[in-house]
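The values are calculated or read from the model by the stated rules, or taken from the named source; none is laboratory data. Remember, it's a predicted structure, so these values are computed and weren't measured experimentally. Reconstructed Cβ throughout: ideal geometry from the backbone, glycine too, with neighbour counts over all protein chains shown. Remember, those area values only see protein heavy atoms, side chains included, never the ligands or the DNA or RNA. Shrake-Rupley method; radii C 1.70, N 1.55, O 1.52, S 1.80 Å.
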Amino acid sequence: MAKRARRRGRKRRRRRTVWPAFSGLRRIIVAGSIALLGLGLAWTLWPFWQLSAQLDQARASKPSRLYGRPMSLAVGSLVRTRDLVSELDLLGYRRLEAVPARPARPVRVGEFRVVAGSVTVSLRRRPTPAGWQAPGVLDVGLRSGRVSSLTLQGQPVESASLEAPVLASFVGSDRREKRPVALAEVPEALVKAVLAAEDASFYKHSGLSLRGIARATWANLRGFELRQGGSTLTQQLVKNVFLTHERTVVRKLREAVLAVLVDLRHEKEEILIGYLNEIYWGSSDSVNLIGIGAAAWAYFGKHPSELDLCESALLAGMIHSPGSYSLRKSPERAIERRNWVLTRMRDQGWLTPEEAEQTAKQGLCYSPHAVPARNAPYFLDLATAEAERRFALDHLETSGYTILSTLDHRSQGAAEEAVAWGLDALEKGWEKSRGRPGDLQAALVSIEPGTGEILAYVGGRDYRASQFDRVSQARRQAGSAFKPIVYAAAFEHGTASPATFIEDAPLTVVLANRSWSPRNADGDFRGWVSVRTALERSLNIPTVRLALDVGLSEIVETAHDLGIRTPLEKVPALALGAFEVTPLDLATVYATLAAGGMRSSVHALRGVLDAAGRPVAGQPVPQPVRALSAEAAFVLTSVLRGVVEQGTGAGVRRQGLTDPVAGKTGTTNDRRDSWFAGYSPERATLVWVGYDDNSPTRLSGARAALPIWTRFSYKVRPVGGYSVPVQPSGVLTAVIDPASGELATGACPELIAEFFLVDDVPEHICRLHGDWQDWNPWVAGGDDPTWREEQVKRRPWRWLSRVFKRKKRGRQP
């Protein structure tokens, strides 16, 4: 016993000496293990924590959008009710029909009502160069085809604009269309429908639903595979924003961790709107619809704030499987799914049984609208380049810029149709059996003269086949379309007037020991002809003689002033358009003439807003500059109107356009290029037709380009028709004998009213048919139009009387 006791004592002493040391070591090990575990967990979760903070950044990513020119209204402007209604229909506004025996309810955002003499429209939020404009009710009073009054939000205004149409979205290679919205813009019915369909306990859980996980686990165990996810709305958002869609346990674990962290870092409302803006809602025209904004427009042509209960339930039902419940391909299944959503909403107490039953009886409320991925593709390329150059924009696929362009969508549609129609007719007619169908190309550009804004832009017949932009990139000889520049220089420098005579006879020009003899297109010579006749009939020899009289240096200078940017050599062939120009430059020349000699910088963009709606600073459009005197531009325009009336452009009249437009044809050697450019104060439009490889054709400006120009110009004709320019004070009208170019007498067999600059008015009576005793309004009556009219009344020349009456009313004969 004593021995055993001593042994136990020794063990106790060993424990007292060893155990305290061991106990301290154990504490250190345990503490270290806990610390390492904590560090490991933190190291593991830190990337997830950082990733969860990027939700706002991911949600902000959206494609930039290109907008067209909005329809503008002003008190006194000519507007037809049907045109206004057509524009509202195109913008996706819904017309409210009057219901007998029921009081008319107020129009809601996105709706309009037409009553006798007025149109009331509740405008959506819309972009302007100064920023986004708030919604408002616009009342448009209409009387006798004019806007009689405008009232915005109850306040009278002088002018107003509708919203700008979306022309294109910069969707990128993944073709994702997104239109993010704020939660305040989402109707309550849509929120409840989505929660009923996807996560009714969203506001109760912390990112994970244990009940949903248990249900999904049981379903997966029964099927021996991952068939259900049991995902909450937060998990779905995490999966769409941060993860892939693969069905693996690792991905589900990462999804669960991120969902909890996202729920910790963000408010429920932030998660909800992030989900609504990021969820996949099917596709339209091969473009993936991401978010409620894109889906609402593609399926119903509405902003999300305008969705009703039927539409909301349809969209909520699609989320689970957009392909299976496609409104277009599977309408019956879509309706069945919608009704299931309505039942869920009723069971949650979010709908009354009557509301659910009444909505379930409705048919498929489906009104598809195309997603504008790349409308006007040639213009889109031009606008993109200008955005990069003037505003330094990049990453358009994700930066969410609002790019406001000058393009008029109705003009663009008319231009594309006219080009397609014209080329098809030519390949079946004059160019039949020449080249392969589709080889013949065309370009069309239409410009607003006073501003330089591009209204329509077609760079070729098929962008998918060729992205080469023939408006701004092609360099083609201008041919006779260049001739107005020669005559502009002649009028500007006082070298000639429309009544000046030039000899149309054989001409040989020697330059640098080389001779050149121009010929007229028909090979004939007409002797002495007036400047007006030479330009109206596009005679080559008189034009070259006039160019030599003016001076080739002056013509080059005038060409550059009017808008030609390509190099030009000072050689006689310049007068006949022997040098290459771009169609855009040549269109600028005619736009300058249409603006009375003021050249505006041609541009495609009005402004840019960033993703937050703030204007983006950029290079401003240069101010218009005086390129030609108003008097010279007016006189030249009067001659070019003669081209359309009785010259090479008379086909315009034969095709039914009778408005007072001016224009000029152009055809180059071997008919390789066909041109027609025409204008009025409202717009200047140019058309080119030819082959990219510069092959000869059987065409001409009058055969190929003019019909396209006329068809387009007729379709975009203003309500009151194209107007005439205002006659400057420095231009006078004189009645002359066209045979002599001098002031007419009573004996002159033919009389015309001609425009002259003040210093160019003829000083002599017609030497062929009178003397100083004969009637001479310029000598005897001076510049008194009342006296001249009285003199005309004493004579039987009724046509001449009409000339003066028109002049008195400010009209050109």
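Quick test of your reading of the structure: residue 372 fulfils all but one of (1) assigned to a helix (DSSP H, G or I); (2) closer than 30 Å to residue 164 by Cβ; (3) open to solvent by less than 60 Å² (accessible area, probe 1.4 Å). Name the failing condition by number.
Tallying (1) assigned to a helix (DSSP H, G or I); (2) closer than 30 Å to residue 164 by Cβ; (3) open to solvent by less than 60 Å² (accessible area, probe 1.4 Å), residue 372 fails exactly one: (1).
Which of the following residues is within 30 Å of residue 391 (Cβ to Cβ), open to solvent by less than 60 Å² (accessible area, probe 1.4 Å) and under 29 Å from the mean Cα position of the chain (by Cα): 688, 709, 675? If you could, list the steps in order and put the result at the bottom.
Numbers: 709 fails: within 30 Å of residue 391 (Cβ to Cβ); 675 fails: within 30 Å of residue 391 (Cβ to Cβ).
Sole residue among the options that is within 30 Å of residue 391 (Cβ to Cβ), open to solvent by less than 60 Å² (accessible area, probe 1.4 Å) and under 29 Å from the mean Cα position of the chain (by Cα): 688.
For the list (1) surrounded by fewer than 24 Cβ atoms within 10 Å (Cβ to Cβ); (2) in contact (Cβ under 8 Å) with a residue 60 or more places away in the chain, I need the number of the one condition that residue 330 fails.
For residue 330, the failing item is (2).
Given the options 386, 397, name the one that is in contact (Cβ under 8 Å) with a residue 12 or more places away in the chain, among the acidic types (Asp, Glu) and in a loop (DSSP other than H, G, I, E, B). Talk me through it step by step, then tell me what you get.
Numbers: 386 fails: in a loop (DSSP other than H, G, I, E, B).
Answer to the selection: 397.
What number of residues in the stretch 280-302 are within 14 Å of residue 241 (Cβ to Cβ) and buried (at least 23 other Cβ atoms within 10 Å of the Cβ)? So that I can check it myself, show each step before the final result.
Initial filter on the stretch 280-302 (within 14 Å of residue 241 (Cβ to Cβ)): 280, 290-291.
Still in the running and buried (at least 23 other Cβ atoms within 10 Å of the Cβ): 290-291.
Summing the residues that are within 14 Å of residue 241 (Cβ to Cβ) and buried (at least 23 other Cβ atoms within 10 Å of the Cβ) in the stretch 280-302 gives 2.
Just checking, how many residues over the stretch 575-619 are in contact (Cβ under 8 Å) with a residue 24 or more places away in the chain, within 19 Å of residue 662 (Cβ to Cβ) and of a type outside the set (Val, Ile, Thr)?
Selection size over the stretch 575-619: 14.
Conditions first: (1) among the small types (Gly, Ala, Ser); (2) at pLDDT 95 or above; (3) open to solvent by less than 10 Å² (accessible area, probe 1.4 Å). Residue 744 passes all but one, so which condition is the exception?
Just one mismatch for residue 744, condition (2).
Going through 693, 659 one at a time, which residue ends up being within 22 Å of residue 428 (Cβ to Cβ) and within 30 Å of the chain's Cα centre (by Cα)? Steps first, answer last, please.
Numbers: 659 fails: within 22 Å of residue 428 (Cβ to Cβ).
None of the others qualify; the one that does is 693.
Go through the stretch 138-193 residue by residue and tally those that are among the polar types (S, T, N, Q) and touching a His at 6+ places or on another chain (Cβ under 6 Å). Quick ask: steps written out before the conclusion?
First pass over the stretch 138-193, keeping only residues among the polar types (S, T, N, Q): 144, 148-149, 151, 153, 155, 159, 161, 169, 173.
Those left that are additionally touching a His at 6+ places or on another chain (Cβ under 6 Å): none.
The qualifying residues number 0.
Of a type in the set (A, V, I, L, M, F, W, C), more than 14 Å from the chain's Cα centre (by Cα) and modelled with pLDDT of 95 or more, is that true of residue 420?
Taking the combined requirement at face value, the residue satisfies it.
Does the stretch 545-559 include one or more residues that are among the basic types (Lys, Arg), in contact with a strand residue (DSSP E or B) (Cβ under 8 Å, 6 or more places away or on another chain) and crowded, with 17+ Cβ neighbours inside 10 Å? If you could, list the steps in order and put the result at the bottom.
Here is the first cut: in the stretch 545-559, the ones among the basic types (Lys, Arg) are 545.
Cutting the leftovers down to in contact with a strand residue (DSSP E or B) (Cβ under 8 Å, 6 or more places away or on another chain) gives us 545.
Keeping just the survivors that are crowded, with 17+ Cβ neighbours inside 10 Å gives 545.
Yes, the stretch 545-559 contains a residue that is among the basic types (Lys, Arg), in contact with a strand residue (DSSP E or B) (Cβ under 8 Å, 6 or more places away or on another chain) and crowded, with 17+ Cβ neighbours inside 10 Å.
For a quick check of your reading of the model, give me the residue pairs whose first member lies in the stretch 169-181 and is farther than 16 Å from residue 275 by Cβ and modelled with pLDDT of 80 or more, whose second is among the charged types (D, E, K, R) and open to solvent by 40 Å² or more (accessible area, probe 1.4 Å), with beta-carbon atoms closer than 6 Å and at least 6 apart or on different chains.
170/397
Please count how many residues of the stretch 605-615 are modelled with pLDDT under 95 and either of a type in the set (A, V, I, L, M, F, W, C) or closer than 22 Å to residue 408 by Cα (or both).
2
Please note which strands (runs of 3 or more DSSP E) are completely contained in the stretch 107-169 and include at least 2 residues that are among the polar types (S, T, N, Q).
On the way: elements: 111-115, 118-123, 126-128, 131-133, 136-143, 146-152, 159-161, 166-169.
Because the criterion is at least 2 residues that are among the polar types (S, T, N, Q), the strands (runs of 3 or more DSSP E) in the stretch 107-169 that meet it are 118-123, 146-152, 159-161.
Looking only at residues that are touching a Ser or Thr at 6+ places or on another chain (Cβ under 9 Å), closer than 14 Å to residue 724 by Cβ and not acidic (Asp, Glu) in the stretch 638-662, which one is most open to solvent (accessible area, probe 1.4 Å)?
Taking the candidates together, the pick is 660.
Looking only at helices (runs of 4 or more DSSP H) that fall completely inside the stretch 496-597, which ones have 2 or more residues that are more than 21 Å from residue 647 (Cα to Cα)? Spell out how you get there, then give the answer.
Numbers: elements: 531-536, 540-550, 552-562, 583-594.
Correct list: 540-550, 552-562, 583-594.
So residue 355 fits all but one of (1) farther than 30 Å from residue 446 by Cβ; (2) in contact (Cβ under 8 Å) with a residue 12 or more places away in the chain; (3) open to solvent by 50 Å² or more (accessible area, probe 1.4 Å); (4) assigned to a loop (DSSP other than H, G, I, E, B); what number is the exception?
Failed condition: (4).
Would you check which residues across the stretch 303-324 are buried (at least 22 other Cβ atoms within 10 Å of the Cβ) and without any contact (Cβ under 8 Å) to a residue 24 or more places away in the chain and list them?
Matches in the stretch 303-324: none.
Checking residue 483 against (1) modelled with pLDDT of 95 or more; (2) outside any helix (DSSP H, G or I); (3) surrounded by 14 or more Cβ atoms within 10 Å (Cβ to Cβ): exactly one of these is not met. Which one?
(2)
Filter the stretch 421-451 for residues that are assigned to a loop (DSSP other than H, G, I, E, B), free of Cβ contacts under 8 Å to residues at least 60 places away in the same chain and either under 13 Å from residue 711 (Cβ atoms) or open to solvent by 60 Å² or more (accessible area, probe 1.4 Å) (or both) and give the result. Talk me through it step by step, then tell me what you get.
Taking the stretch 421-451 and keeping what is assigned to a loop (DSSP other than H, G, I, E, B), we get 429-440, 448-451.
Going one step further and asking which of them are free of Cβ contacts under 8 Å to residues at least 60 places away in the same chain, we end up with 429, 432-433, 436-438.
If the condition is that a residue be assigned to a loop (DSSP other than H, G, I, E, B), free of Cβ contacts under 8 Å to residues at least 60 places away in the same chain and either under 13 Å from residue 711 (Cβ atoms) or open to solvent by 60 Å² or more (accessible area, probe 1.4 Å) (or both), then 432, 433, 436, 437 are the ones that fit.
Give me the residue from the stretch 119-165 that is touching a Gly at 6+ places or on another chain (Cβ under 7 Å) and open to solvent by 30 Å² or more (accessible area, probe 1.4 Å) and, out of that set, nearest to residue 179 (Cα to Cα).
Ranking the qualifying residues of the stretch 119-165, first place goes to 132.
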